[in-house]
Amino acid sequence: MLARALRYACIALLVGPGAALAASPDYEEPDEDWVWEDGNDLQDGTTEDGFYRPRARPGYEWVEGRYENGAWVPNDYRPATAAPGMIWEPGFRGPDGYFVTGFWRPAERPGYVWVPATRGPGGYRQGYWRPVDVRDNAVWEDGYWTPTGVWIDGIWRERARPGFVWVPGHWSWGRWMPGHWRPLRGRSGQAWLAGYWGPGGWVEGYWRPSARRGYWWRPGRWEPGGVWIAGDWIGGRRPVRIHSRPRPVRQMVIERRPHRSYWQDGRRQDRPRPAPRPGRQPRPGRPPRPGGHR
């Protein structure tokens, strides 16, 4: 099978948090201290919606969006120290409304070419390393960063697998949930545990009970240093959350729309008041509402 021969590479780099769990994606909300950042109405007519970000990142500083030499520089968690010989790839607002932290990458990599980040109709696509060679009947899946700063290299996978469908990777809570093969048919009372790339190569997915009395399931995860901890049943009750759950992103975007920063001539400006409707005049003695910004 092609998957058995695919190459695995995992580089433990503590230069920046990345995107997700490598396997057994954590479909539950991370217990994170989220803070909301209001969006921006830019001077070219572009609108940037608000988003959630972690309140703090050790070793990073939050820098507000701004114009530099006429070009818009989005918000970002910038590293406090430089990494010689490395290039910083900035973070961005994920499609689910949670901030994706940037990372350091080497300037060059033998056998690969760096594809810069792009923004299009389908949303923002993070930059990635693409192999120079091409393989027949195989598809390249981009690499990604885990929340603990471990780089998981991209892989070649089969175009099709009998009895399975490929579930594309996606952003969730600012983390990359990698794609995986899922059986076409489900099993009653069972949950599918997605396959992943481990130290010994590709580890096939498998079925597990969807619930177990007196236990809760802790998903697999990468620990700092590139150590993979497999998912397992933990006896007792699930730990109590420390932080409150954030409000839905869509609701926040709508409610905080009047608070988006308004930019003109490279500066944050007072938001212009809407023109009065034809035939209607403001009530005597009641001044119009002033515009405002963050």
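The numbers here are math on the coordinates, done by the rules we state, and not lab data. Computed from a predicted model, the values in this text were never measured in an experiment. Methodologically, a virtual Cβ is constructed for each residue, glycine included, from the backbone with ideal geometry; neighbour enumeration extends over all protein chains shown.
List of remarks:
- Each Lys and Arg contributes +1 and each Asp and Glu -1, all at the Cβ; summed about the Cα centre of segment 2-269, the dipole is approximately 1060 debye.
- Taking 10 °C and 1.306 mPa s as conditions, segment 128-199 diffuses translationally at an estimated 113 µm²/s according to Stokes-Einstein applied to its Kirkwood radius (Cα pairs).
- Over all projection directions, the Cα-based convex hull of segment 38-115 averages an area of 6.8 nm².
- Residue order, fewest to most beta carbons within 10 Å, for 150, 165: 165, 150
- Each principal axis of the Cα cloud of segment 2-269 was evaluated for its coordinate range; sorted largest first, these ranges are 57, 48, 34 Å.
- Proxy reagent accessibility, fewest Cβ within 10 Å first, across 29, 89: 29, 89
- Cβ crowding within 10 Å, taken as a proxy for footprinting-reagent exposure, orders 261, 188 from fewest neighbours to most as 188, 261.
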